[in-house]
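The values are calculated or read from the model by the stated rules, or taken from the named source; none is laboratory data. The structure displayed is predicted, hence computed values, not measured ones. Cβ placement follows ideal geometry from the backbone for every residue including glycine, while neighbour counts extend to all protein chains displayed. Accessible surface areas use protein heavy atoms only, side chains included; no ligands, DNA or RNA. Shrake-Rupley method; radii C 1.70, N 1.55, O 1.52, S 1.80 Å.
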Amino acid sequence: MQASSAEAFIVRELRRGLAPTLYYHSLAHTLDVAQAAQTLAAAEGVTDAETLALLRTAALYHDAGFLHTYAGHETRGCEMGRATLPDFGYSPGQIELICALIIATQYPQAPRCHLAQILCDADLDYLGRPDFVPISTSLFRELTVRQLIADEFAWFQLQEQFLTGHRYWTATALARRSTPKQARLAHIRARLAAWPGPQQDGA
């Protein structure tokens, strides 16, 4: 398994192929998730080198489907993994594990193993981090340019729904990110309650 070569390949593909209007689902996001997954795995006691390499590969491929599609990108990312990872010596079993990890990040998340829990938590690590505002703003811009969100009020409503429904899975993320995330949720609810104009009464 030539993990470093696979990593270089997919990073190169993302750098040259992702649409510039993917303000959130950018190469920076993918690299952030890979780093967060590595940090979480260490804190969660994952030490096996092969396991860590497979987790990192999954992190780097988890949004690769955005090279081809917006909806259903997880499935497309799996297809890319199946098509390209054999060239780097990954076995069928390793590739299927990577695909299972990628699919687990589809929202609503449904991780079925510890590694999937780690990747899911890494994917949304920013929800409980100090850089929540700039990162969430980049998602707002991405959705706006695709006409997937109507206005700022609808955006805050979406954030409120998303943060309410989201949960962290690993003990590490629960300990490190849950309290700041709940503070963000409380702030957003306060913003919505004080929102000027007809939206607040449904008119």
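For the chain, the dipole from Cβ point charges (+1 on Lys and Arg, -1 on Asp and Glu) about the Cα centre works out to 320 debye, to the nearest 20.
Per-residue accessible area (protein heavy atoms, 1.4 Å probe) orders THR105, THR164 as THR164, THR105, starting from the largest. Remark: the ARG141-ARG12 segment gains 44.0 nm on full extension, using 0.36 nm per residue and subtracting the alpha carbon distance. Ranking GLU44, GLU142 by solvent-accessible area of protein heavy atoms (1.4 Å probe, all protein chains present), from largest to smallest, gives GLU44, GLU142.
Each of TRP169, TRP195 has its accessible area taken with a 1.4 Å probe; listed largest first, they run TRP169, TRP195. Positive end of the dipole of the chain (Cβ unit charges, origin at the Cα centre): among THR75, GLY45, TRP155, the Cα lying farthest that way belongs to TRP155. Length available on full extension from ASP131 to THR75: 0.36 nm per residue minus the Cα-Cα distance, which gives 17.3 nm. The helix-only estimate of mean residue ellipticity at 222 nm for the chain, built from DSSP H runs of length n ≥ 4 each weighted as -39500 (n - 2.57), is -21000 deg cm²/dmol after division by the residue total. Hydrophobic, long helices, defined as DSSP H runs whose alpha-carbon span along the helix axis is 15 Å or greater and whose mean Kyte-Doolittle value is at least -1.0, occur in the chain at 3-17, 27-43, 49-61, 92-104, 132-145, 152-165, 171-193.
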